[in-house]
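Student: Supplied in structure tokens, the structure appears directly below.
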Amino acid sequence: MKFEIEYKTIQNVAGPLVVVGKVRNAQYNEIVKIKLHDGEERLGQVLDTSSTQAVVQVFGPTNGINVSTTSVSFLGETFTTGVSESMLGRVFDGQGRPRDMSAGVSYEERRDINGAPINPVSRQYPSDFIETGISAIDGLDTLVRGQKLPIFSSSGLPHNQLAAQITRQASVKGTSESFAVVFAGIGITYDDYRYFFDEFKKTGALRNTAAFINLADDPSIERIITPRLALTTAEFLAYEKGMHVLVIMTDMTNYAESLRELSSAREEVPGRRGYPGYMYTDLASLYERAGLVKGKPGSITQLDIVTMPSDDVTHPIPDLTGYITEGQINISRDLVNKGMYPGIQPLGSLSRLMNNGIGPGKTREDHKGVSDQLYGLYAKAQEAKSLSAIVGAEALSDSDKKYLKFGEDFENRFLTQGLYERRTIDETLDIGWDLLSEVPEAELTRVKREYISKYYKKKAEE
Amino acid sequence: MGYIERISGPLVVADDMLGSNMYDVVKVGNDGLVGEIIQLRGPKAVIQVYEETTGIRPGEKVESTGLPLSVELAPGLLNNIYDGIQRPLEELRRKSGAFIGRGISANSIDRNKKWKLFIEKGVKNGDHVKEGHIIGYVQETELIKHYIMIPVGVEGKLSGLKEGTYRVEDRIATVDKGGKKFEITMLQKRSVRKPQSFRQKFRSDEPLTTGMRIIDGLFPVAKGGTAAIPGPFGAGKTVASHSIAKYADSDIVVMIGCGERGNEMTEVLVEFPELKDPKSGRPLTERTVLIANTSNMPVAAREASIYTGVTIAEYFRDMGYNVTLLADSTSRWAEAMREISARLEEMPGEEGYPAYLPKRLAEYYERSGKVEALSGRTGSITLVGAVSPPGGDLSEPVSQGTLRVVKTFWSLDASLANARHFPSINWLTSYSLYINDLKPWYDKNLGEEFAENRAETMRILQKEAELKDIVQLVGAEALPDTERITLEIGRMIREDFLRQSAFDEVDAYTSLKKQAFMVASILHFRKQANAAVKAGVPLDSIMKLKVREDISRMKEEKESEVDKARHRIAAEIDSQFNSLVREYREAEGK
């Protein structure tokens, strides 16, 4: 049996941090157990250690901690979690304890929740097209298996519906394999949690889902570990069990705010808007856990929801996220206010891995050209729109009027679709050609000539 | 030998370290994690650790190697991929699997591989040799002869040099100075934080061609020059850097993935072996060294990766090669500095960055240049740094510190990227200060027309932007025909010349010759259009000319067809305008 020393030498408690004195040689990042005098136990982690003291961050509230009666023991290991296939179909709390009423979980092994960086030479470059059935994504900003593609949204916008729709519909073209889902709810409201839970239940996805839920009123420091538990579980399922895992993390903004809270409790020099200078590195340690590994059959695809404070894409949270992830899906308030669902604004969206996942044999030969051309024309439509706001629609040139009309049709027919509408990639591209056929052939300079002659729909002779 | 006193993230304080030097490399803890001393306080040393520090505890031992952070330089560098402190990633994979473990050491250069050594012409035993002298070479790849140089600080009489097959640690010669003997091997070590000396620096007078039209045509960088690509996320920094790495007419390319995405390095690893160097037709990997310290790899090694890269670049420059070094992204390097600085509790400068940030940036970019190396050969290092300003706002310290020292600025523009206009380098805000230095080269190699057309193109783009402002207020209809032609020509330059797809086989690389043809054709169209308008031809009929589509598809012309296309399009423009004017005159006459 392991011998544990219980220290009763707490010196300071401030925010989520506890300083324990007279500790000899605690490990960096070691896990500690904090025992209150009424027997309640909480977990913590060593953030700074020296030969005389250790600074511990507590995963949970610090109320009830008492300088003279609370005891702290160092467990001699870093934060690990049990993982197993039987976690699918279960709901856990933000620290990985079963939240549902069913019996305990049997774990196959224990793993360090921080994982280890994937060696760049061991990565497999993602190239399998995921058909989400949503035109704005499949057609313009294609999702690829193993990609990390966040949804940039804001309060009041339908990001939850979109994430649920993608989860419901996503499949790799030409296979019937479905995704296992690992869901990390980080500081979300009970309503949001309930929404996802009911959606997954309705479609039967719940059986294939492991959920880690830290609710808005759960301890905020716990949010630092919730996504890491989810990703550790996902890595086990993907690389040991060969599953294709879709990880949904919502809301990354809450995560970043907990990081800031912790940083200010440690009295660190703040970076932009009070967020710690290492936030880029910290976020990367989560996002970079998506991917494919050579020689292993599974994959991890990440769909992370980031709500942008006051719709501001330059805010540090979406900004740093965008620098790490492989693109972003941007939900626009303007489009949603016009009553459009899902309201994805292509002009702020991007998929960096798209080019590798589309084309002959994957989607269709004309995909790249159609996508570029739609982008080009929609950008012109936006210019025409801002021009008409100044000089009035009457004063526009004929070609500008044509672009304006194209823009409206594009928003109504291509960008808008139903919550339960699933379009195949062929349907999406055909709608694209319907729209492109409104424009004179000679203007389609971003599409190869051969595809124009194959797909362009000549107007019936007038 | 000392012991750990305190651990905080990547920073470790060790006690009992008297006798160690600043910037010595140390082995930390029972796992022997690699670190570097960055501060000395009496017997205590502050160490930045290049690996994850989780799990180590105070009391564990700390051992100094007595050597500064160095890279190993020898045949075997090319075609390799390293982490920030030059550990070969393939070797790490063999030792710890798909995920990078801790405390793994591996030689940067394969010790067992044998190389065939040739003696350099004119070198013979008995010669007096000095630091930097070339004594022999190894044909490392088909493209690159790897020259063997006398290491730093060695001088004397050469003896025992013999052609043959050697491992990198085998003795190939001896240098004797007054009885003091130095053994020469093909392997040498250089400290990364100290720039390598050279005889003299020259003015950079030759362009680095990249095959990217907006760079070569409008904002060129010289061989030995410096350039920065700042831009918000999604504006195409990575695609632009990769394009330069692929097509730059350099002998050697060193690419540093500094705190960026893992998949970007994977993309290079997948793509480069398939791609051919446009000049020699050999796989690109034969001239490339990759350094990958991705965003989730330890932050201190990210700080070192930039120095590792530039030291390798200097080594090849000393052999007389033109080297291009791409660092994506220097902002992540600066952030790594900031993180270490914060943990040292240094007084922060702007936005939490250390006060010495501008100095470090300037020192780094000063390691570029076209020089006469100690070997007597002329080589160059062109430094291209991507910058990732938060929110795309260039007023932040890293962008500002960079712009003060670099001479070419490729300004990435999110609104262009959103409209899928790539490369999304803004033609109004970018600049190159090499234009005048390069003019003699252009005049000599491409004719005086090239520089004139460049200046003309810039004037048209500037004018177009002014006119567009007016159009925003009064509509295009209100402009006179000549100005509407300028608008149309501006559009042609932007869409038919500057816009370029990095993913299209033909379009991805454009030679200077083809670029000259494209610009000349557009300007020829302009001349004819202006003449036609003057003759009274209505603008609408000019806008309907079929040759406009030919111009828009010039980028699809193969390099081998350029001469034919030039004549065809010029003839097409002339004949279509001629018949237009004729038709108009006939209609007038009636």
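The values are calculated or read from the model by the stated rules, or taken from the named source; none is laboratory data. This one's a predicted model, so the numbers in the text were calculated from it and none came from an experiment. Because the Cβ atoms are built from the backbone with ideal geometry, glycine has one as well, and the counts that use them run over all protein chains shown.
Student: Which residues, counting only those in the range B:250-286, are crowded, with 20+ Cβ neighbours inside 10 Å and on the phi > 0 side of the Ramachandran plot?
Tutor: Within the range B:250-286, just B:GLY259 meets the criteria.
Student: Can you confirm whether A:THR69 is more than 9 Å from chain B (Cβ to nearest Cβ), in contact with a Pro (Cβ under 9 Å, 6 or more places away or on another chain) and farther than 17 Å from B:GLU60 by Cα? First the steps, then the outcome.
Tutor: Numbers: more than 9 Å from chain B (Cβ to nearest Cβ): yes; in contact with a Pro (Cβ under 9 Å, 6 or more places away or on another chain): no; farther than 17 Å from B:GLU60 by Cα: yes.
No.
Student: Report, by residue number, each residue of the range B:3-25 that is assigned to a strand (DSSP E or B) and among the charged types (D, E, K, R). Lay out the reasoning, then the answer.
Tutor: Let us first name the residues in the range B:3-25 that are assigned to a strand (DSSP E or B), namely B:3-8, B:11-15, B:24-25.
Within the range B:3-25, B:GLU5, B:ARG6, B:ASP15, B:ASP24 qualify.
Student: Specify the residue that is farthest from the other protein chains (Cβ to nearest Cβ); the eligible residues are those in the range A:428-456 that are of a type in the set (Gly, Ala, Ser) and under 20 Å from B:LYS546 (Cβ atoms).
Tutor: Step by step, filter the range A:428-456, then rank; the result is A:SER453.
Student: Consider the range A:397-428. How many of its residues are hydrophobic (A, V, I, L, M, F, W, C) and farther than 20 Å from A:GLU383 by Cα? Walk me through it before giving the result.
Tutor: From the range A:397-428, those hydrophobic (A, V, I, L, M, F, W, C) are A:404, A:406, A:410, A:414-415, A:419, A:425; that's our starting set.
After this cut, where a residue has to be farther than 20 Å from A:GLU383 by Cα as well, the list is A:419, A:425.
Residues that pass the stated criteria total 2.
Student: Please go through the range B:230-248 and pick out each residue that is within 14 Å of chain A (Cβ to nearest Cβ) and of a type in the set (A, V, I, L, M, F, W, C). Talk me through it step by step, then tell me what you get.
Tutor: Kept after step one, since they are within 14 Å of chain A (Cβ to nearest Cβ), are these residues of the range B:230-248: B:230-243.
Answer for the range B:230-248, where residues must be within 14 Å of chain A (Cβ to nearest Cβ) and of a type in the set (A, V, I, L, M, F, W, C): B:PHE233, B:ALA235, B:VAL239, B:ALA240.
Student: Any idea how many residues of the range B:1-25 are within 14 Å of chain A (Cβ to nearest Cβ), among the hydrophobic types (A, V, I, L, M, F, W, C) and free of Cβ contacts under 8 Å to residues at least 40 places away in the same chain?
Tutor: First pass over the range B:1-25, keeping only residues within 14 Å of chain A (Cβ to nearest Cβ): B:2-16.
Add one more test, that the residue is among the hydrophobic types (A, V, I, L, M, F, W, C), and what stays is B:4, B:7, B:11-14.
Of the ones still in play, those that are also free of Cβ contacts under 8 Å to residues at least 40 places away in the same chain are B:13.
Result for the range B:1-25: 1.
Student: Given the criteria assigned by TED's automatic domain parsing to the domain that holds A:GLY187, polar (S, T, N, Q) and under 11 Å from the mean Cα position of the chain (by Cα), does A:GLN345 qualify? So that I can check it myself, show each step before the final result.
Tutor: Values: assigned by TED's automatic domain parsing to the domain that holds A:GLY187: yes; polar (S, T, N, Q): yes; under 11 Å from the mean Cα position of the chain (by Cα): no.
Against the criterion (assigned by TED's automatic domain parsing to the domain that holds A:GLY187, polar (S, T, N, Q) and under 11 Å from the mean Cα position of the chain (by Cα)), A:GLN345 does not qualify.
Student: More than 19 Å from A:VAL121 (Cβ to Cβ) and within 12 Å of chain A (Cβ to nearest Cβ): is that true of B:ARG41 in this structure?
Tutor: On the way: more than 19 Å from A:VAL121 (Cβ to Cβ): yes; within 12 Å of chain A (Cβ to nearest Cβ): no.
Against the criterion (more than 19 Å from A:VAL121 (Cβ to Cβ) and within 12 Å of chain A (Cβ to nearest Cβ)), B:ARG41 does not qualify.
Student: Something else about it: Can you go through A:LEU387, A:LEU396, A:LEU335, A:LEU320 and tell me which one is facing chain B (nearest Cβ under 10 Å) and closer than 26 Å to A:THR250 by Cα? Break it down stepwise before answering.
Tutor: Working: A:LEU387 fails: closer than 26 Å to A:THR250 by Cα; A:LEU396 fails: closer than 26 Å to A:THR250 by Cα; A:LEU335 fails: facing chain B (nearest Cβ under 10 Å).
Exactly one residue qualifies, and that residue is A:LEU320.
Student: Oh, and also: Collect the residues in the range A:201-212 that are in contact (Cβ under 8 Å) with a residue 12 or more places away in the chain and surrounded by fewer than 22 Cβ atoms within 10 Å (Cβ to Cβ), keeping them in residue-number order. Full working, then the answer.
Tutor: The first filter runs over the range A:201-212 and keeps only residues in contact (Cβ under 8 Å) with a residue 12 or more places away in the chain, leaving A:203, A:205-212.
Result: A:THR203, A:ALA205, A:LEU206, A:ARG207, A:ASN208.
The rows are residues; the columns are (1) out of contact with any Gly (no Cβ under 9 Å at 6 or more places or on another chain); (2) modelled with pLDDT under 95.
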site	(1), (2)
B:LYS276	yes, yes
B:ILE306	no, no
B:GLU339	no, yes
B:GLU345	yes, yes
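Student: Still on this structure, I have one more. What single numbered condition from (1) under 20 Å from B:ASP507 (Cβ atoms); (2) more than 10 Å from every other protein chain (Cβ to nearest Cβ) fails to hold for A:THR424?
Tutor: So A:THR424 meets the others, but not (1).
Student: Additional query: Could you list, in sequence order, the residues of the range B:151-173 that are part of a strand (DSSP E or B) and either touching a residue at least 40 places away in the same chain (Cβ under 8 Å) or buried (at least 20 other Cβ atoms within 10 Å of the Cβ) (or both)?
Tutor: Initially, the range B:151-173 is screened for residues part of a strand (DSSP E or B), giving B:156-159, B:164-167, B:173.
B:LEU158, B:GLY164, B:THR165, B:TYR166, B:ARG167, B:ALA173, listed by residue number.
To keep it simple, each residue is scored yes or no on (1) surrounded by fewer than 20 Cβ atoms within 10 Å (Cβ to Cβ); (2) of a type in the set (Val, Ile, Thr).
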position	(1), (2)
B:GLN86	no, no
B:ARG94	yes, no
B:TRP115	no, no
B:TYR137	no, no
B:GLU140	yes, no
B:ILE144	no, yes
B:MET149	no, no
B:VAL175	no, yes
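Let's see how each residue does on (1) more than 29 Å from B:THR53 (Cα to Cα); (2) aliphatic (A, V, I, L, M); (3) assigned to a strand (DSSP E or B):
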| position | (1), (2), (3) |
| --- | --- |
| B:TRP333 | no, no, no |
| B:ARG360 | no, no, no |
| B:VAL371 | yes, yes, yes |
| B:GLY379 | yes, no, yes |
| B:SER399 | yes, no, no |
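Student: Quick one: which helices (runs of 4 or more DSSP H) sit completely within the range A:223-302 and have at least 3 residues that are surrounded by 24 or more Cβ atoms within 10 Å (Cβ to Cβ) and β-branched (Val, Ile, Thr)? Spell out how you get there, then give the answer.
Tutor: Working: elements: A:226-235, A:252-265, A:279-287.
Passing ranges, in order: A:226-235.
Student: Are there any strands (runs of 3 or more DSSP E) wholly within the range A:66-185 with 1 or more residues that are modelled with pLDDT under 95 and either in contact with a Cys (Cβ under 6 Å, 6 or more places away or on another chain) or on the phi < 0 side of the Ramachandran plot (or both), and if so which? Give the derivation first.
Tutor: On the way: elements: A:71-78, A:80-83, A:90-93, A:109-112, A:151-153.
Of the strands (runs of 3 or more DSSP E) lying wholly inside the range A:66-185, those with at least 1 residues that are modelled with pLDDT under 95 and either in contact with a Cys (Cβ under 6 Å, 6 or more places away or on another chain) or on the phi < 0 side of the Ramachandran plot (or both) span A:71-78, A:80-83, A:90-93, A:109-112.
Student: Let me ask something else about it. State the number of residues belonging to the range B:462-493 that are within 14 Å of chain A (Cβ to nearest Cβ), within 16 Å of B:GLY217 (Cα to Cα) and surrounded by fewer than 17 Cβ atoms within 10 Å (Cβ to Cβ).
Tutor: Here the count works out to 0.
Student: Let me spell it out: the conditions are (1) surrounded by 14 or more Cβ atoms within 10 Å (Cβ to Cβ); (2) farther than 27 Å from A:LEU162 by Cα; (3) in contact (Cβ under 8 Å) with a residue 12 or more places away in the chain; (4) not hydrophobic (A, V, I, L, M, F, W, C), and A:GLN382 meets all of them except one. Which number is the exception?
Tutor: With (1) surrounded by 14 or more Cβ atoms within 10 Å (Cβ to Cβ); (2) farther than 27 Å from A:LEU162 by Cα; (3) in contact (Cβ under 8 Å) with a residue 12 or more places away in the chain; (4) not hydrophobic (A, V, I, L, M, F, W, C) applied to A:GLN382, the lone miss is (2).
Student: Please identify the pairs in which a residue from the range A:215-242 that is at pLDDT below 90 has its Cβ atom under 8 Å from the Cβ atom of a residue that is surrounded by fewer than 24 Cβ atoms within 10 Å (Cβ to Cβ) and part of a helix (DSSP H, G or I), counting only partners at least 6 apart or on another chain.
Tutor: Listed by first residue and then by second, the contacts come to A:SER220/A:ASN254; A:SER220/A:GLU257; A:SER220/A:SER258; A:SER220/A:GLU261; A:ILE221/A:SER258; A:ILE221/A:GLU261; A:ILE221/A:LEU262.
Student: Taking B:ARG338 as the residue in question, decide whether it is in a helix (DSSP H, G or I), within 18 Å of the chain's Cα centre (by Cα) and at negative phi.
Tutor: On the way: in a helix (DSSP H, G or I): yes; within 18 Å of the chain's Cα centre (by Cα): no; at negative phi: yes.
For B:ARG338, the condition - in a helix (DSSP H, G or I), within 18 Å of the chain's Cα centre (by Cα) and at negative phi - is not met.
Student: Residues in the range B:281-300 that are assigned to a strand (DSSP E or B) and within 11 Å of chain A (Cβ to nearest Cβ): how many? Let's see the steps before the verdict.
Tutor: Filtering the range B:281-300 down to residues assigned to a strand (DSSP E or B) leaves B:283, B:288-293.
Imposing the further condition that a residue be within 11 Å of chain A (Cβ to nearest Cβ) reduces the set to B:290-293.
Selection size over the range B:281-300: 4.
Student: While we're here: Among the residues of the range A:63-111 satisfying the criterion of being among the polar types (S, T, N, Q) and touching a residue at least 60 places away in the same chain (Cβ under 8 Å), which is farthest from A:PRO219 (Cα to Cα)?
Tutor: Just the residues of the range A:63-111 that are among the polar types (S, T, N, Q), to begin with: A:63, A:66, A:68-71, A:73, A:78, A:80-81, A:84, A:86, A:95, A:102, A:106.
From what's left, touching a residue at least 60 places away in the same chain (Cβ under 8 Å): A:68-71, A:73, A:81, A:84, A:95.
On the way: A:SER68: 24, A:THR69: 22, A:THR70: 19, A:SER71: 20, A:SER73: 21, A:THR81: 19, A:SER84: 26, A:GLN95: 10 Å.
Filtering first and then ranking leaves A:SER84.
Student: Taking the range A:399-410 as the search range and keeping residues that are charged (D, E, K, R) and out of contact with any helix residue (DSSP H, G or I) (no Cβ under 7 Å at 6 or more places or on another chain), which one is nearest to the other protein chains (Cβ to nearest Cβ)?
Tutor: Here the answer is A:LYS401.
Student: Further, regarding this structure: Kindly indicate which of A:VAL105, A:VAL46, A:VAL83 is surrounded by 16 or more Cβ atoms within 10 Å (Cβ to Cβ) and within 27 Å of B:LEU11 (Cα to Cα).
Tutor: None of the others qualify; the one that does is A:VAL46.
Student: Also, quick follow-up: Taking the options B:GLU206, B:GLU169, name whichever one is among the charged types (D, E, K, R) and within 30 Å of B:MET518 (Cα to Cα).
Tutor: On the way: B:GLU169 fails: within 30 Å of B:MET518 (Cα to Cα).
Criteria check complete, one pass: B:GLU206.
Student: Out of B:GLU303, B:GLU314, report the one residue that is under 16 Å from B:VAL192 (Cβ atoms), within 14 Å of another protein chain (Cβ to nearest Cβ), assigned to a helix (DSSP H, G or I) and not aliphatic (A, V, I, L, M).
Tutor: B:GLU303
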